[in-house]
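Right, one structure below, let's go through it.
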Amino acid sequence: MNEPKIAALPSRSQNRGFLRTERGNLQATSAHDNEGFVIRWPAFIITTASLCVALFLVIFLSGGTAATTAAAGIDPHRASFGICFGPERYACVVDGDTIWFEGRKIRIADINTPEISSPGCASEKHLGQRAKIRLQALLNQGNFSLQSIDRDQDKYGRDLRIITRDGESLGDILVAEGLAERWRGYRRDWSRAAESPAPPCATETRSVQTTA
């Protein structure tokens, strides 16, 4: 008579099934844990998510990679600007508040600079030339953005835009340096504006005429 064979009970290291808890729920057990440690997945997910959020905050607040990537996305335009001359105008500076970019004429909407095409006096022309050269330098320093305003164009067909870099207006830089004034809704007569950055032209003749 053959004796019945009794199968050996699996060791804990061989038990790769599920551990039934006291509440009747199944939880996966570790394959290499001799003590049958229970992996609690909700706690694992919460811990991992918390670490990811903490790492993001450290990079963002330190102005690291996240800030650099955001800045690159904010300012999409870049070009090598020259001084406008002749009929071919793609990326060039006309004066302190007017440029050509990608074949379109753009009036910088938030500032007004001294005239150089028909100045009231020599001092206005001189300041206007300085504003033009300074604007060219600012544009060539890196990427920039063109922000629209409530109107798309002025009566001369020029696009109205505010030029910014990293959220700062390039026009504000010209104002801070005394090369422009903030746009007030009309073009000021620099020859009569004693409070303007340009010296008054009262003692000078208005005979100075040039062509931009």
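All of the numbers you see were taken from the coordinates with simple rules; none came from a lab. This structure is a prediction, so every number in the text was calculated from the model and none was measured. A quick note on method: Cβ atoms are made from the backbone with ideal geometry, for glycine too, and the neighbour counts reach across all protein chains shown.
Total residues in the stretch 114-132 satisfying the condition of being within 29 Å of the chain's Cα centre (by Cα) and more than 13 Å from residue 170 (Cα to Cα): the figure is 4. Condition (residue is over 18 Å from residue 89 (Cβ atoms), part of a loop (DSSP other than H, G, I, E, B) and free of Cβ contacts under 8 Å to residues at least 40 places away in the same chain) applied to the stretch 154-175: is it met by at least one residue? Taking every residue of the stretch 154-175 in turn, at least one turns out to be over 18 Å from residue 89 (Cβ atoms), part of a loop (DSSP other than H, G, I, E, B) and free of Cβ contacts under 8 Å to residues at least 40 places away in the same chain. Scanning for something closer than 21 Å to residue 89 by Cβ and assigned to a loop (DSSP other than H, G, I, E, B), does the stretch 127-134 turn up at least one residue? Checked the stretch 127-134: no residue is closer than 21 Å to residue 89 by Cβ and assigned to a loop (DSSP other than H, G, I, E, B).
Candidates in the stretch 109-142 are the residues that are without any contact (Cβ under 8 Å) to a residue 24 or more places away in the chain and touching a Pro at 6+ places or on another chain (Cβ under 9 Å); of these, the one that is farthest from residue 163 (Cα to Cα) is 126.
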